[in-house]
Structures are given as C-alpha cells and as structure tokens.
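Just below is one structure, and these are the notes that go with it.
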Amino acid sequence: MIKLFSVKQKQKEAAESANGRAPVKKQSPGELRVQKDISELNLAKTTSISFPNGKDNLLNFEITIRPDEGYYQGGTFVFTFQISQVYPHEAPKVKCKTKVYHPNIDLEGNVCLNILREDWNPVLSVNSIIYGLQYLFLDPNPDDPLNHEAAEVLRENPRQFENNVRRSMAGGYVGGNHFPRCI
Amino acid sequence: MKKRKGEDEPWAPEPEVMAETTDIEGRWRDLDRLLLRPGILVGPGFEPGIDTRDMIRNDCRVLVIGAGGLGCELLKDLALTGFGNLEVIDMDTIDVSNLNRQFLFRMRDVGQPKAKIAAERVMERVKGVNVVPHYCRIEDKDSSFFDQFQIIVLGLDSLEARSYINAVVCGFLEYEPDGSPILTTIKPMVDGGTEGFKGHARVIIPGMTPCFQCSMWLFPPQVTFPLCTLAETPRSPAHCIEFVHLIQWGQDRTGETFDPDNPEHMKWIYEQAAKRAEQYSISGVTYSLTQGVVKNIIPAIASTNAIVAATCALETLKIATMCSKGMEVFMQYTGTDGVYMRTFQNEKDPNCIVCSAGVPVEVEATTTLQKFIDVLLKDSRFKNKISKPSVSLQGENLYMQAPPILEEETRPNLLRPLRTLMGGEGGILNINDKRLKGILRVQVIFKTTDVDMDTAGGG
C-alpha cells in the first residue's frame with residue numbers, strides 16, 4: 001500500500017482537473033457484457049432481433065421467433081428481454097408478448113425455461129436463452145407445465161393438442177381463452 | 001440541564017452528555033495516540049502530528065452511501081473518530097421496523113428521509129461535525145458529485161448499488177502509459193455488508209486492489225425456484241408465496257404493478273399464499289415470511305452492523321492518515337460461531353472490465369475506425385485472439401459485427417476518425433470478439449507528434 005494523498009494537495013489538483021474533464025457516460029458491467037453477447041449473436045433464420053430503444057440501449061430488446069417446423073410452424077412469437085445492470089450475475093427477465101397456447105408459457109407471458117431461473121449461470125448468454133426458447137416451440141414439455149390445461153391435452157391427446165395450437169394461432173378460442181392471430 | 005425524554009423514547013440518554021465533548025479534555029486522547037506518534041506499524045508516508053488530526057477534521061471529505069443499519073453506525077463512528085466533513089446519501093424513508101437497530105431514528109421520525117434525520121441526529125450529538133444529507137438515489141448524482149470526496153464508504157444492501165458505485169468510482173481512475181495507476185485519480189472505497197450474523201468489510205483502492213467487479217463472480221447466485229414447480233408442485237411455504245408473487249398477481253390483478261412497499265399489496269400476497277398453502281396442506285406461511293421471500297429480506301442483527309461499521313470506520317481512518325497499514329483487502333465475520341473473523345487478500349482481475357488499465361495502443365488521432373481495427377488485427381499482442389472485433393466506447397456502440405441490424409446502423413462509423421468518435425484525448429475502447437473469452441480493453445493513446453493545430457493546446 002502507498003500513501004494516497006496529502007489531502008490538501010489533492011483537493012487543489014482535483015479542483016484544477018475537474019475544470020477540464022468532460023463528463024463521461026458511465027456504463028454498467030451488465031451493459032458491457034450484453035454488448036459482448038449481442039455482438040456475437042448467431043441467429044437462425046427463424047429468429048430476428050430488434051432494439052426499440054435504439055442501438056445504444058442493449059439492455060432492452062425483442063426477439064421474434066418464427067418456428068419452421070413442429071406444432072407452432074408458421075406462427076410469430078415475440079419475446080421481450082430485460083437485462084439487469086448486474087447481468088450476467090442475474091438472468092435476463094424474458095416474457096412472451098404474444099399470447100400463446102403452450103404448456104410451458106402461461107397466458108400472462110411467463111416462460112418456464114430452466115436456464116431463465118434455477119439453472120441460470122453466468123457462462124450462459126443471450127444466445128443460449130434464444131436456443132432455449134426455440135427449443136420450447138420444437139418440443140413443448142408437458143411434464144413441467146405452466147399452462148396446466150395445455151400440458152394435459154398434450155399428454156393425453158397430442159392430435160387434439162395440435163388442433164388446439166392451430167386454432168389458437170389462427171386467432172380462435174381454446175378452452176374459453178381467446179388467442180390473437182399470430183400466423 | 002433539561003432531560004429531553006419523549007414518551008416514545010423512554011430509553012433516550014441525555015444528548016447533552018456527548019454534545020459538549022468538543023471542549024471536554026481528552027476528547028482526542030485515543031485518536032492522538034494513533035496520530036501524534038511515529039511507530040513501526042504505520043503506513044508509508046505517515047506524518048505524525050497535529051496537522052494530520054486537523055486534516056481529517058477540516059479538509060478530508062467522506063461520503064457515506066446508505067443511512068440504514070450500517071449507515072447509522074458508520075456516521076456515528078466516523079463522526080466520533082474525528083472526521084469533520086461527512087455527507088450521506090440515501091433514498092429511503094424511515095420505517096417502524098428500522099427502529100430496533102437504526103439507532104439514530106425515533107418513533108416520531110417514521111416516514112422522514114433517513115439521510116436527513118441521520119445527519120441532524122449526528123450533528124446534534126457530536127459537536128463540530130458537519131453532515132450534509134442527500135435524500136435521493138445514487139443514480140441521481142452525476143460523477144462530479146462523487147469526485148468531491150476523498151473517500152467513499154459504502155453501507156449498502158444490494159449488488160446492483162455496489163456495482164454501480166464501483167463503476168463510477170473506477171471511472172475516475174486513469175493509468176500512465178506504462179500501466180501504473182495515476183495516484184491523483186484513485187478514489188478509495190471502503191465497503192461494508194451484513195446479512196444476519198455474517199458480515200464483511202473490504203477496502204477497494206481502484207487500480208491497486210481488486211475492485212468490486214474483479215470478484216463479483218464470488219457471490220453466490222440468488223435462490224430461484226422453477227416457475228413450473230411453483231405452478232404445479234409447490235412443496236414449501238416459500239413456493240406458495242413466490243407463486244402468488246410471480247404468477248397469480250399478474251392473473252388476478254392485471255395491469256397493476258406490484259409494489260413490495262405497499263402494505264395492501266403485501267397483505268394480499270400473504271392471504272393468497274396462505275390459501276394456496278392450505279390447498280396443498282403446507283404449513284408455515286406467515287406475513288413476515290411473505291415479506292422475507294418477496295423482498296429477499298434476511299433479519300438484520302444490530303451487533304453485526306456495529307462490528308462491520310467499526311471495521312470500516314477504522315479502515316477509513318487508516319486510508320486518510322496512514323497511521324497504520326491498511327487491511328489487506330477483505331475481512332469476513334461470522335457471528336454464528338463465536339466471533340470468528342478472517343482477512344484475506346484476493347487479487348485483481350488483470351482483465352477486469354471496470355478497473356483494468358487496458359492494453360495501450362498508440363495511433364494517430366486522425367485514424368479511422370476501420371484503420372484502427374486493421375491495426376488491432378495486425379498487432380502481435382492480439383494475434384489469434386481477435387478476428388471480427390466489435391468496438392464500443394462507454395455506452396456507445398461504435399461498430400457492431402452482429403446482428404445485421406446493428407452492423408448496418410454502425411457501419412458509417414468505420415470511416416470516421418477516432419478523434420471524432422472519442423474526443424481529442426483518447427481513452428478506453430472495449431473490444432468484443434468471438435475468440436475472446438471476455439472483453440478486451442484497449443487504451444487508445446493518440447500520438448502527440450502529429451497533433452493537428454485545432455486540437456493542440458487542449459491539455
């Protein structure tokens with residue numbers, strides 16, 4: 001350790017240098033890291049990204065997924081990502097903006113994906129979450145349901161489930177709930 | 001002397017006892033033992049004498065961030081230690097549940113800003129100390145506010161706030177081209193933290209000891225439950241509470257934002273969670289557990305705060321005066337098993353994205369961003385480490401390789417000179433590349449030989 005200052009001298013210097021120093025916009029560690037994630041994004045052709053708040057605010061963005069196979073083929077699903085200042089210490093908050101009939105996404109847009117909560121780990125990235133979301137559409141999991149009814153139908157009668165998904169994406173009713181058209 | 005004894009504070013001592021200590025003989029006796037005598041345990045450059053005491057009394061300005069459990073202790077300790085110019089910043093108001101340990105506050109203060117009352121109380125009790133309160137968020141102050149202080153002491157309860165203030169304070173740090181920190185740009189921080197019976201105190205000298213970000217990864221992740229477990233197979237009272245908090249609120253109270261400080265909201269969560277618990281034959285949902293789970297509260301222990309704050313105040317004194325060598329980086333206290341404390345020295349992350357010097361790269365100020373990227377690609381120090389770099393300056397993305405939408409938007413910058421993009425004095429650029437594990441910090445130094453006339457003389 002060294003002697004950091006003779007206080008009087010330091011104050012004088014600080015007053016002098018403060019005049020010439022331009023204010024610098026501070027960037028949080030979370031922003032720095034998400035910059036890395038975004039600059040290395042490798043999006044499949046079924047996926048796109050947009051930045052509603054411009055190119056210099058990467059903490060909030062939207063991911064649009066258009067599955068090209070599986071139950072949800074042809075649908076368009078938008079997810080909002082909210083990234084905290086201490087990312088990647090905390091997982092991004094991800095919500096589905098599109099109302100969807102899905103065993104692992106509830107009608108309020110909460111998403112049950114392990115890496116968004118209990119299995120989040122700082123070595124994961126925005127890319128990993130996008131893969132996870134894509135996977136949810138390819139292989140909905142009836143054993144970990146957030147939409148109980150949808151899960152039950154998928155388990156008991158996959159053909160019926162398929163019909164329900166089609167009907168919901170076309171803008172119809174399933175089980176008394178209306179789903180906006182997303183095809 | 002009159003005894004000021006309110007009905008809400010029958011235990012209150014007579015404040016006058018301490019108030020007149022300015023003139024009491026021996027007020028500085030203990031401090032003088034440390035400051036007036038040379039010794040073998042002193043820090044480098046220690047100057048024993050009355051001037052040092054006057055210095056902390058009159059010239060040294062200390063900012064305390066947080067006026068809660070730790071903040072009250074810190075303000076009291078620093079004021080009694082002899083620091084004469086204190087400021088305190090806190091965004092909270094006093095709640096009745098604070099009174100058991102935040103001893104500067106009384107029942108009649110409930111609802112008042114913590115910073116304001118804490119400042120008043122300390123000035124009432126300790127004569128000759130000036131405490132300036134700031135009732136606002138730390139984000140409301142610009143960096144010049146923080147730059148006024150010689151030492152910043154943190155009594156915070158969140159990683160976010162620590163991380164934020166760490167980035168601000170490390171932002172003052174500048175390095176010489178040889179990578180050594182410029183001493184006048186170093187602003188030391190002393191960080192205290194408590195959680196129940198556990199606590200820590202650490203000294204952060206940016207550029208010399210690890211900053212908060214260097215060891216961020218040591219913090220354990222927050223406990224979260226899988227949403228589907230909450231929805232389908234709740235097994236504990238916490239599961240029931242989290243279900244109502246995270247899922248049922250959105251279903252039943254659509255459009256209302258949940259506010260953990262609104263008692264009606266909290267009561268609703270508690271009642272619904274109790275119902276859910278009954279459905280699943282789970283016992284143990286209480287109002288205080290609901291608060292604990294939702295607000296992530298761990299009961300605060302007054303003695304932990306006192307021990308940690310005392311350590312922080314002492315380290316602040318050491319940094320300010322060098323009357324003793326400072327603590328080597330980090331102290332941990334575990335009050336559950338006796339009074340075990342240990343200190344250890346963790347290391348700086350040489351590539352820390354907040355406090356490291358960055359790799360110096362010297363170029364002309366007129367170099368375009370594209371040419372600069374070419375320079376980096378040719379630089380042997382980065383060989384095989386970068387192939388398609390993205391470049392950003394503080395909050396601004398100068399060039400992004402992906403996704404295409406950002407690449408297109410930032411492409412025009414490639415033809416702009418660095419001087420235009422980052423100002424005439426150079427600075428730190430962040431480089432991202434798939435081949436890099438982390439973020440590469442590059443310190444851009446403009447060659448001084450060829451400075452154009454219009455930027456010369458800026459000094």
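No lab work stands behind these numbers, since they all come straight from the coordinates. These figures come from a predicted structure and were not determined experimentally. Note that we place each Cβ from the backbone using ideal geometry, even for glycine, and neighbour counts take in every protein chain shown.
See the values below:
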{"item": "Mean separation of Cα contacts under 8 Å, 6 or more apart, over the residue count of chain B: relative contact order %", "result": "14 percent"}
{"item": "Other-chain or far-sequence residues with amide H under 5 Å of residue B:359's (modelled H)", "result": "B:441, B:442, B:443"}
{"item": "Aspartates and glutamates whose Cα lies under 13 Å from that of residue B:383, excluding same-chain neighbours fewer than 8 positions away", "result": "B:374, B:433"}
{"item": "Over region B:227-295, relative contact order from alpha-carbon pairs under 8 Å, at least 6 apart, %", "result": "42 percent"}
{"item": "Which of B:175, A:135 has the fewest Cβ neighbours within 10 Å, and the rest in rising order", "result": "A:135, B:175"}
{"item": "Rounded if a/c under 1.5, otherwise prolate or oblate - region B:227-295, Cα gyration tensor axes", "result": "oblate"}
{"item": "Surface/4 of the Cα convex hull for region B:164-267, nm²", "result": "10.8 nm²"}
{"item": "Largest-first principal axis extents, alpha carbons of chain B, Å", "result": "75, 70, 40"}
{"item": "Region B:113-213 shape via C-alpha gyration tensor axes, a/c threshold 1.5", "result": "prolate"}
{"item": "Note, ³J(HN,Hα) from phi for region B:373-384, Karplus 6.51, -1.76, 1.60, rounded to Hz, x at Gly and Pro", "result": "4, 4, 4, 4, 5, 8, 5, 5, 5, 10, 4, 6"}
{"item": "Exposed-loop-free span, longest in chain B, where GluC sites (Glu not before Pro) count as exposed if DSSP calls them loop and at most 14 other C-beta atoms lie within 10 Å", "result": "B:26-255"}
{"item": "Per-residue ³J(HN,Hα) for region B:174-186, Karplus 6.51 cos²θ - 1.76 cosθ + 1.60, θ = phi - 60°, Hz, x for Gly and Pro", "result": "10, 10, 6, x, 7, x, 8, x, 7, 4, 5, 9, 8"}
{"item": "Chain B - mean residue ellipticity at 222 nm from DSSP helices (-39,500 (n - 2.57) per run, n ≥ 4, rounded to 500)", "result": "-9000 deg cm²/dmol"}
{"item": "Region A:27-174: mean projected area of Cα convex hull, nm²", "result": "8.6 nm²"}
{"item": "Values of log10 I(q)/I(0), in the order q = 0.11 Å⁻¹, for region B:359-446 under a Debye, Cα-only, solvent-free model", "result": "-0.26"}
{"item": "B:434, A:93 arranged by Cβ crowding within 10 Å, fewest neighbours leading", "result": "A:93, B:434"}
{"item": "Shape category assigned to region B:33-136 from the gyration tensor of Cα positions, a/c cut at 1.5", "result": "prolate"}
{"item": "Sequence of A:165, B:153 once ranked by neighbouring C-beta atoms within 10 Å, starting from the fewest", "result": "A:165, B:153"}
{"item": "The protein assembly as shown: projected area of the alpha-carbon convex hull, averaged over directions, in nm²", "result": "33.9 nm²"}
{"item": "Under-5 Å amide H pairs with residue B:198, H placed in peptide plane, nonlocal only", "result": "B:335"}
{"item": "Distance violations [Cα-Cα > 32 Å] among B:116/B:267; A:95/B:434; A:97/B:267; B:325/B:437; A:45/B:437; B:325/B:447", "result": "B:325/B:437; B:325/B:447"}
{"item": "Cysteines having no other Cys beta carbon under 4.7 Å from their own, within chain A", "result": "A:96, A:182"}
{"item": "Spatial separation of Cα centroids for region A:109-176 and region B:261-299, in angstrom", "result": "28 Å"}
{"item": "5 angstrom amide H check on residue A:174, placed H, neighbours 5+ away", "result": "A:179"}
